[in-house]
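Read through the structure below, which is laid out as structure tokens, and then see the notes.
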Amino acid sequence: MNVHDSQKIAALMEDSGYASVNDVREADLIIINTCSIREKAAQKVYSQLGRLRKFKERKPNLIIGVGGCLAQQLGSKLIEKVPYLDLVFGTHNIHSLPDSITTIEKTGRTLVRTDFQESVESLGIVAPSDNGKVTSFVTIMQGCNNFCSYCVVPQVRGREESRSLSDIVKEVTVLASRGIKEVTLLGQNVNSYGKTIGEGYDFAELLHEICLIGGIERIRFTTSHPKDLSDRLVRCFSEVDKLCEHIHLPVQTGSDRVLGMMNRLYTRADYLDKVYKLRAACPGISITSDIIVGFPGETDRDFQATIDMMGKIRFDNLFSFKYSQRDGTAAAKLSDEITERVKSDRLKIVQALQEKHTLERNEATRGNAEEILVEEISKNSQEDVTGRTRTNKIVNFRGSRELIGRTVTVLITDAYQHSLRGRLLNVN
Ligand code: SAM
Ligand code: SF4
């Protein structure tokens, strides 16, 4: 979501006459789009801003702005901490950015814009700043109503609101006309899409509608909350032929006790049941997840329940994190903090196990003829191109620029931790 917001910021500024530069020393405007999901992300912002101070001293007209979740959370407090900032803008103030910059250019004033007034309808497409891409994100909703006890998102991105189905379909149609072949639909909990519109729309219906759009070959989405993963959405994996066989379904922990404290509103058995249903409806589906270790009060037994769950499911991939206390969340009031040492040890165990599972899953694709959408020239070799399987695994193979945007069949010959290697069989 943040990557997509940054793309929108770049595109909006290009529309207002700015051009991007490769060297930060040449910039007249620097915007940092921030994340505050964990303390580590917030710390990165401060060290980045520290490095920018000398640029501002050398070039007083340089405008430095900070947007995103940390900006939303801190507002004018960020100016107190970093007095050489010109602009702080929140998660609902992206579209007014060109206007904010013009005001600063004219008046030299420092601005703080963090109100939640920007409407959900302004989340739509802005001119693309990266022509030639064949995949695109599409925001279908903003905010979150779930209040998982550890999570700052409802605070910094506001309450859940869905865009209208017709606006989303219009945006995807425009993207298709610009050569986009694959869209990833974005929301904190896509499975509750439509609830705030109240016209009987749901996410499954949106998937069926997008499937009808000519030129779009692949549909992905992220993220789906396990408690809301409906049987109807599970069926979409067998009914909607453009829907790729991958789901990111964050479990967070395998312990019912910790799930309760996290306010996730499902049990370990519920989650396993959803996984079985997904695999029954779509046998080749890849399942990825998020896990937090060291939630306050997590015992060795709770942690073992997570390890046991990982063994039962064998995720294709996993994002794993040490619990990070966030101000204003319910979990911040819990006293039973786990030491940094224990968190690090548990994270290492989770990551080592996941590496094993990822490699096993990748190796199982060896010998398969996989459908790949070619996205770009490989970062490692000019003679190779890169794309993804429908199950979202990166594949590199010998091929030229002309293949970008084409769907091809590739025989998988080698499997590694982070990617696969293959040989082109045919261009579909
Ligand atoms: N909306 C998505 C969902 O519920 O699955 C996830 C959104 S969040 C941006 C991405 C991941 O960050 C979460 O799934 C969780 O694992 C992790 N996360 C959120 N708050 C955290 C915290 N305070 N400490 C550590 N990890 C956290
Ligand atoms: Fe955060 Fe939970 Fe909402 Fe995901 S569903 S954004 S983890 S509050």
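Tabulated values for the structure
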item: Residues with amide H under 5 Å from that of ILE32, placed H, sequence gap 5 or more; result: GLY65, VAL66, GLY67
item: Protection proxy ranking, peptides 408-418, 43-53, average beta carbon neighbours within 10 Å, highest first; result: 408-418, 43-53
item: The range 128-171 - charge dipole about Cα centre, Lys and Arg +1 at Cβ, Asp and Glu -1, debye rounded to 20; result: 40
item: Highest average packing first - 364-372, 152-160, Cβ atoms within 10 Å; result: 152-160, 364-372
item: Global geometry of the range 1-124, whether rounded, prolate or oblate, following the gyration tensor of its Cα atoms and the 1.5 cut on a/c; result: rounded
item: Under 12 Å, Cβ to Cβ, from SER378 - net charge with Lys/Arg +1 and Asp/Glu -1; result: 0
item: In sequence order, calculated HN-Hα J values of the range 188-200 (Karplus, 6.51, -1.76, 1.60; Hz; x Gly/Pro); result: 5, 8, 4, 6, 9, 3, x, 4, 7, 8, x, 10, x
item: For the range 134-139, 3J(HN,Hα) per residue [Karplus equation, 6.51 cos²θ - 1.76 cosθ + 1.60, θ = phi - 60°, Hz, x = Gly/Pro]; result: 10, 10, 8, 8, 9, 6
item: From the C-alpha gyration tensor of the range 64-173, square roots of 5λ in Å; result: 26, 20, 12
item: Whole-Å semi-axes of the ellipsoid equivalent to the chain (Cα gyration tensor, √5λ, descending); result: 34, 29, 23
item: Cross-link pairs beyond the 25 Å C-alpha cut-off, checked among LYS81/LYS348; LYS277/LYS343; LYS8/LYS54; LYS348/LYS393; result: LYS81/LYS348; LYS277/LYS343; LYS8/LYS54
item: Percent RCO, i.e. relative contact order, over the range 361-428, from Cα pairs under 8 Å lying at least 6 residues apart; result: 34
item: Inverse mean reciprocal Cα-Cα distance (Kirkwood Rh) of the range 275-356, Å; result: 14.0
item: Order of LEU62, LEU186, LEU272, LEU233 - criterion: other Cβ atoms within 10 Å of each residue's Cβ, fewest first; result: LEU272, LEU62, LEU186, LEU233
item: Dipole of the chain, positive direction: furthest Cα of ILE412, GLY297, ILE285, with charges on the beta-carbon; result: GLY297
item: Cut-off under 5 Å, modelled amide H: who pairs with ASP384 long-range; result: SER378, GLY399
item: J(HN,Hα) series, the range 308-315, from Karplus relation 6.51 cos²θ - 1.76 cosθ + 1.60, nearest Hz, glycine and proline x; result: 4, 4, 4, x, 5, 8, 6, 4
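Where a number appears in this text, it was derived from the coordinates with a stated rule and is not lab data. Everything numeric in this text was worked out from a predicted model, so none of it was measured. Virtual Cβ from ideal backbone geometry, glycine too; neighbours counted across all protein chains shown.
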